[in-house]
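Structure first, commentary second.
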Amino acid sequence: MTEKLNIGIILGSTREGRVSPQVGNWVKEIADERGDANYEIVDILDYQLPFLGTTDGTEPGIAAWQKKISELDGYVFIVQEYNHSFSGVLKNAIDHLREEWHDKAAGIVSYGSTGGARASEHLRGVMAELKIADVRVHPTLSLFTDFENFTTFKPAELHLSNVHAMLDQVNAWSGALKPLRVKEDTEEK
């Protein structure tokens, strides 16, 4: 029996009143029912990361963030669209690391007035630079139809098949890329 992959569901917002925990928990519930990987919520807020380059880098949150991302085989980014892009705190969190992201796969679940499509496109460019293989299926959630009063998450049933398809791709690619990470780890020793 092969060991299950570890997939982090990364909440990309730290804003007061954010809805990313609702979306992340929904994805995790769907994922956990599958039983095909170990899924966990990874909340950037828990790490209290300083802005990159503004400190000496010894804050405990930075080391904890590095350890967590290193432990994961793949990711699902929960991305909200702010001003046609993804949040600055997500970019900051991503930029705190480099090799820890390499040769892993990621899916995106986005939300916004246009389903977060523009934010996702920006994130895909960043992921390419970090050798993260982003998968094609991309569930997009509308603030107008999937949230009551823009704050209470009530997803339409139609998103369920897209979340499953996205998770299928994240798991397939994460598994396919794992031998590259094992090879690099062996070469470094």
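The values are calculated or read from the model by the stated rules, or taken from the named source; none is laboratory data. The structure displayed is predicted, hence computed values, not measured ones. Note that each Cβ is placed from the backbone with ideal geometry, even for glycine, and that neighbours are counted across all protein chains shown. All accessible areas refer to the heavy atoms of the entire protein, side chains included, with ligands and DNA or RNA removed. Shrake-Rupley method; radii C 1.70, N 1.55, O 1.52, S 1.80 Å.
Using Cα pairs closer than 8 Å and at least 6 residues apart in sequence, work out the relative contact order for segment 6-181, in percent.
Computed over segment 6-181, the figure is 23 percent.
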message: Which one, G17, G115, G57, has the greatest fluctuation when you compute a Gaussian network model over the chain with C-alpha springs under 10 angstrom?
response: G17
message: Full-extension gain between S142 and E71, please, as 0.36 nm times their residue separation minus the C-alpha to C-alpha distance.
response: 22.4 nm
- prompt: What do you reckon, how do T145, T140 stack up by accessible area (1.4 Å probe), largest on top?
  reply: T145, T140
- prompt: How big is the charge dipole of segment 1-105 about its Cα centre, in debye rounded to the nearest 20, if each Lys and Arg gets +1 on its Cβ and each Asp and Glu gets -1 on its Cβ?
  reply: 220 debye
- request: Determine which residues of segment 14-32 fall in the zone a paramagnetic label at N149 would reach in this model, i.e. backbone nitrogen under 19 Å from the point 7 Å along Cα→Cβ.
  value: 16-23
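Considering only protein heavy atoms and a probe of 1.4 Å, how much of the accessible area of segment 53-189 is carbon and sulfur, as a whole percent?
55 percent
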Computed over segment 6-181, Kirkwood Rh from alpha-carbon pairs, angstrom: 16.1 Å
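Filter the cross-link list K68/K154; K28/K91; K28/K131; K4/K91; K4/K154; K4/K28 down to pairs whose alpha-carbon distance in this structure exceeds 20 Å.
The answer is K68/K154; K28/K91; K28/K131; K4/K91; K4/K154.
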- line: In nanometres, the difference between 0.36 nm per residue of separation and the alpha-carbon distance of L45 and V126 is 27.1 nm
- prompt: What does the helix-only formula give at 222 nm for the chain: each DSSP H stretch with n ≥ 4 adding -39500 (n - 2.57), the total divided by the residues, and the result rounded to the nearest 500 deg cm²/dmol?
  reply: -13500 deg cm²/dmol
- prompt: When the chain is fully extended, how far beyond the present Cα-Cα distance does E59 get from N83, taking 0.36 nm per residue of separation?
  reply: 5.7 nm
message: Please report the spacing between the Cα centers of segment 29-68 and segment 108-141 in Å, no decimals.
response: 19 Å
